[in-house]
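The values are calculated or read from the model by the stated rules, or taken from the named source; none is laboratory data. Model, not experiment: these values are computed from the prediction. All Cβ positions, even for glycine, are placed from backbone atoms using ideal geometry, and neighbour counts span all protein chains on display.
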Amino acid sequence: MKKPLVMLLAGGGGTRLGVLVKQRAKPAVPFAGRYRIIDFALTNVMHAQLPWVGVLTQYKPLSLMEHMGVGEAWNLQGRSRGVRILPPRTGEADSDWYQGTADAIWQNVDFMDSMAPERVVILSGDHIYRMDYRRMVEEHVERGAALSIAVMEVAPEDTSRFGMLWTDARGRITRFEEKPKAADTRLASMGIYVFEYPALVKALQDIVATKQGNDFGAHIMPALLAGGNVYAHRFDGYWRDVGTVSSYFHASMDCLDASSGLDLEGWEVCSRQETLRDGDMPPVRFGARAEVGKARLSAGCWIEGRVQGSVLSPGVQVGPGAVVEEAVLMDGAVIRPGARVRRAILDKGVVVGAGAVLDGGRDEVTNKEYAKCQMDGMVVVGKGSRIPEGCRVGSNTVLEAGLQEADFPGDLPDGATLVRRAHP
Amino acid sequence: MRDVIAMILAGGRVEELAALTQARPKAAVPFGGQYRFIDFALSSVAHSDIGRVGVLSQYRPSSLIDHLGTGEPWDLVGRGRGVKLLPPFVADAQSHWYRGTADAVYQNLHFVRRHKPRDVLVLSGDHVYRMDFRPIVEAHRKSGADLTMVVKDMDPELGRGRFGFAEVDAGGRVVGYEEKPERPRSRLASLTMYLFRTEVLEARLEENARTGSSFQLYSEVLPAMLGRDHVRAHRHDGYWSYARSVDAYHQAHMDLLGERPAIDLARWEIRSRAEHAGLGDPAPVWCASAARCQDCVLSPGVRVEGEVRRSVLSPGVRVEAGAVVTDSVLLHDAVVRSGARVDRAVVDKFGVIGERAVVGEGPCEGANRALPDAIRGGVSLVGKGAEVPSGRRVGRNCLVEMGVQAGDWRAPALESGASLGRAGGVS
């Protein structure tokens, strides 16, 4: 059996991650310290020993391309293996931006044809999970399915966030509904598909080429259901869509305790070490008065204060007397002496001035601009912003990227959004 | 600097490091958590923009070969760049192992000639420092020197019998040199780093190959050049250390700690190849709720549920709940099980300290009886893959040899100064 070709959808903007996706695609958002979200899908590909991956990019792909490199971190470099970045390109029309997930795959049918696959695995680059795709493919082949969809059980109150599926006793999918308010099934699609290649091409020709639809969940899957040869593959491990500020934060906290199911060590997650400095990041350094409990600290961190229940990316500094609680601090963030950061997500290079207080955790005043992000009381600070000394920032607040101290009018109340002033 | 090549001497086993160099040459001994000794020389070479490096090695080179790889962490890949491991080889009737540092370079003069460098930088692979060689090359050429040797101001009391000392005139010219004198006549100790003009190096090494007996650069080639060639000294004022014993290896690690560590890894920008067992990358350091980590350096993949103070931990080390590690160096994937205590110890790769076991207890009374020069300062060494079973106790200046297993332990305790071997032999 030929190993299936992987098509990895990594184009999404993921707008509900707010300022975290201002300058990068959602799969490129840093996660669990040293990783990016896409590492989890790529790790699964590597452990399943799948040799060829096409990565479909569209929204701000630079960080993603930089991160992928030539794919050697996931065993995707060699004579008979590789990774291809597949950005949109001009075709017969002047510009053929990808109109949806199925459209993106359709526009790269030439790439797929050139690989002459028997089967194609379609993945999304923005989920946190560990899964052996080989078992899904085996089951798919045994059943003689045209399409298999990975499914998991979700709580009844969550059905409105997922594509919900109904199956018969043999696991054949009999019905599908996109994000129903209520449903008498608990099986949700995880957005992981195994297609027989001819069936995939035919569906794309019938639906996308005739402009009847361009999305897998909404258009392709329902059309194939009619053929009666679509099966569900049950998965019961840890899986999270980290698409909102709240879900991103809670999944981040899960990496602090392997009993959550997110087991970074056990999963053997692979990432590419990106060198942004002239030397390697040194090991983590703890000062004589450091107090660190329940935390993940990446290389290059220097801790002199207190860090509790937090996840720190490479090169973060926490000064003497500073307190960081239940926070996610991305690469190179600096917490100056005496500052306090609670329930916050700080993007790369954020500097919190001495004595400043980021006081997240209260979900009383809604942030109007970023309500759809499910702020959950968090303080979210965009890349490179500098919070002035002594400044107090309330909950459900968003400080956009690139703010300088002078951009701050003073303290920021709960629910506030601070935008960078237009500089002349 | 296209016209300088570096030759790094990385061959030696060095008895003084005891079990640490049983399975690897000293240059490949882990240092500073995630690095190996040779990373320091290679990083200084890389930051000095030297692109061509030969690494001379003959003792168990496999870990060194793995570590160097194609040399990309040090920018040693590309046109006009590269790192080459130079092992001894069989060529003709005179083939032999490297007989000394001078002979090792001599046997690889073909490598030097092929690249036609103007100068050759000869370094040791087991020193800890950060240096920019560019100003040294510049001064060397400006003065027309045949050899520039790097020296450091050192208390003669500390260096006597250990270092070569150079006498330097006001113009920076070396006018006298003594190898390991009992009473040094100067304060300038040689750091065994040499920058040679290529033609002079070739001529002096050929001479030494015919007439030498120790075949060492420091004891034969350098003295023979004095008075004949233009030899200059360059003074290095920054940090430099060289672990010539288990005690010194431990002490150099303590230089990574404190408010202002003498070895400032962040500023030095040391480059390395991240090597680890398993397919995944080492996860970020994990501290459990009850963990206590103070004044320590922890590498990626370390997991701490207990307490770690004044210690340096390599990737993959685990310190379980209730365990206490103080003033110690734990190398890759060592495990300290719950309730164990480790004080003033070096635990090599894959070492296991069992539940409630104690390593390093009691007063320090006298050196290790088998290796009195290497282990005398109170530090105990647990060799690669060795196990101290649950509840056992190990005193000071002890050596648990590489690969000692639970079954090798006959007594409940290893008293201070004793060594335990694989067949259970205590000495």
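So here's what we get for this one:
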quantity: Residues being more than 25 Å from the chain's Cα centre (by Cα) and either not assigned by TED's automatic domain parsing to the domain that holds A:Ala354 or not charged (D, E, K, R) (or both) - total across the range A:388-402; calculated: 5
quantity: Filter result (out of contact with any helix residue (DSSP H, G or I) (no Cβ under 8 Å at 6 or more places or on another chain) and hydroxyl-bearing (Ser, Thr, Tyr)) within the range A:353-411; calculated: A:Thr366, A:Ser385, A:Ser395, A:Thr397
quantity: B:Asp247 vs. criteria on the phi < 0 side of the Ramachandran plot and either crowded, with 18+ Cβ neighbours inside 10 Å or modelled with pLDDT under 95 (or both); calculated: yes
quantity: Among (1) surrounded by 22 or more Cβ atoms within 10 Å (Cβ to Cβ); (2) free of Cβ contacts under 8 Å to residues at least 12 places away in the same chain - the single one B:Val388 does not satisfy; calculated: (2)
quantity: Strands (runs of 3 or more DSSP E) wholly inside the range B:154-239 that include at least 3 residues being under 26 Å from B:Arg130 (Cβ atoms), hydrophobic (A, V, I, L, M, F, W, C) and in the same structural domain as B:Val128 (by TED's automatic domain parsing); calculated: B:165-168, B:188-197
quantity: Hits in the range A:265-323 (condition: touching a Gly at 6+ places or on another chain (Cβ under 8 Å) and hydroxyl-bearing (Ser, Thr, Tyr)); calculated: A:Ser298, A:Ser313
quantity: A:Val19 β-branched (Val, Ile, Thr), within 14 Å of another protein chain (Cβ to nearest Cβ) and at negative phi; calculated: no
quantity: Verdict on B:Gly161 being on the phi > 0 side of the Ramachandran plot and touching a residue at least 24 places away in the same chain (Cβ under 8 Å); calculated: no
quantity: Residue that is surrounded by the fewest Cβ atoms within 10 Å (Cβ to Cβ), among those in the range B:258-269 that are in a loop (DSSP other than H, G, I, E, B) and out of contact with any helix residue (DSSP H, G or I) (no Cβ under 8 Å at 6 or more places or on another chain); calculated: B:Arg260
quantity: Residue among A:Asp254, A:Asp236 that alone is acidic (Asp, Glu), more than 8 Å from chain B (Cβ to nearest Cβ) and under 30 Å from A:Gly360 (Cα atoms); calculated: A:Asp254
quantity: Test: A:Gly338 is assigned to a loop (DSSP other than H, G, I, E, B), touching a residue at least 12 places away in the same chain (Cβ under 8 Å) and surrounded by fewer than 21 Cβ atoms within 10 Å (Cβ to Cβ); calculated: yes
quantity: The range A:32-78, residues that are among the polar types (S, T, N, Q), touching a strand residue (DSSP E or B) at 6+ places or on another chain (Cβ under 8 Å) and in contact (Cβ under 8 Å) with a residue 60 or more places away in the chain; calculated: A:Asn44
quantity: Of all residues in the range B:1-24 being part of a loop (DSSP other than H, G, I, E, B) and free of Cβ contacts under 8 Å to residues at least 60 places away in the same chain, the one that is nearest to B:Gly82 (Cα to Cα); calculated: B:Arg24
quantity: Boolean, B:Pro117 is of a type outside the set (Phe, Trp, Tyr) and loosely packed, with under 15 Cβ neighbours inside 10 Å; calculated: no
quantity: Failed item in (1) within 14 Å of chain A (Cβ to nearest Cβ); (2) closer than 13 Å to B:Ala6 by Cβ, with B:Phe31 passing the rest; calculated: (2)
quantity: Single condition B:Gly407 does not satisfy, out of (1) of a type outside the set (A, V, I, L, M, F, W, C); (2) assigned to a loop (DSSP other than H, G, I, E, B); (3) over 29 Å from B:Leu265 (Cα atoms); calculated: (2)
quantity: Number of the exception - B:Gly172 against (1) closer than 30 Å to B:Pro30 by Cβ; (2) more than 27 Å from the chain's Cα centre (by Cα); calculated: (1)
quantity: Tally, over the range A:147-184, of residues that are more than 21 Å from the chain's Cα centre (by Cα), buried (at least 19 other Cβ atoms within 10 Å of the Cβ) and among the β-branched types (Val, Ile, Thr); calculated: 1
quantity: Identity of the residue in the range B:270-324, at the interface with chain A (Cβ under 8 Å from one of its Cβ atoms) and among the polar types (S, T, N, Q), that ends up surrounded by the fewest Cβ atoms within 10 Å (Cβ to Cβ); calculated: B:Ser289
quantity: Of residues in the range A:205-226 being in contact with a strand residue (DSSP E or B) (Cβ under 8 Å, 6 or more places away or on another chain) and modelled with pLDDT of 90 or more, the one farthest from A:Met164 (Cα to Cα); calculated: A:Leu224
quantity: Sole residue being away from chain B (no Cβ under 14 Å) and either crowded, with 18+ Cβ neighbours inside 10 Å or part of a strand (DSSP E or B) (or both), chosen from A:Arg84, A:Arg89; calculated: A:Arg84
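So that you can scan it fast, the table gives a plain yes or no per residue for (1) of a type in the set (S, T, N, Q); (2) under 18 Å from B:Asp264 (Cβ atoms); (3) touching a helix residue (DSSP H, G or I) at 6+ places or on another chain (Cβ under 9 Å); (4) more than 7 Å from chain B (Cβ to nearest Cβ):
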{"residue": "A:Arg285", "(1), (2), (3), (4)": "no, yes, yes, no"}
{"residue": "A:Val292", "(1), (2), (3), (4)": "no, no, no, no"}
{"residue": "A:Cys301", "(1), (2), (3), (4)": "no, yes, no, yes"}
{"residue": "A:Val311", "(1), (2), (3), (4)": "no, no, yes, yes"}
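Condition check ((1) surrounded by fewer than 24 Cβ atoms within 10 Å (Cβ to Cβ); (2) of a type in the set (A, V, I, L, M, F, W, C); (3) modelled with pLDDT under 95) across all residues:
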position	(1), (2), (3)
B:Arg13	yes, no, yes
B:Glu16	yes, no, yes
B:Ala23	yes, yes, yes
B:Lys26	no, no, yes
B:Gly32	no, no, no
B:Leu42	no, yes, no
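To keep it simple, each residue is scored yes or no on (1) out of contact with any strand residue (DSSP E or B) (no Cβ under 8 Å at 6 or more places or on another chain); (2) under 20 Å from B:Pro135 (Cβ atoms); (3) outside any helix (DSSP H, G or I); (4) touching a residue at least 12 places away in the same chain (Cβ under 8 Å).
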residue	(1), (2), (3), (4)
B:Ala41	no, yes, no, yes
B:Val45	no, yes, no, yes
B:Ile50	no, yes, yes, yes
B:Val53	no, yes, yes, yes
B:Leu64	no, no, no, yes
B:Pro73	yes, no, no, yes
B:Arg79	yes, no, yes, no
B:Lys84	no, no, yes, yes
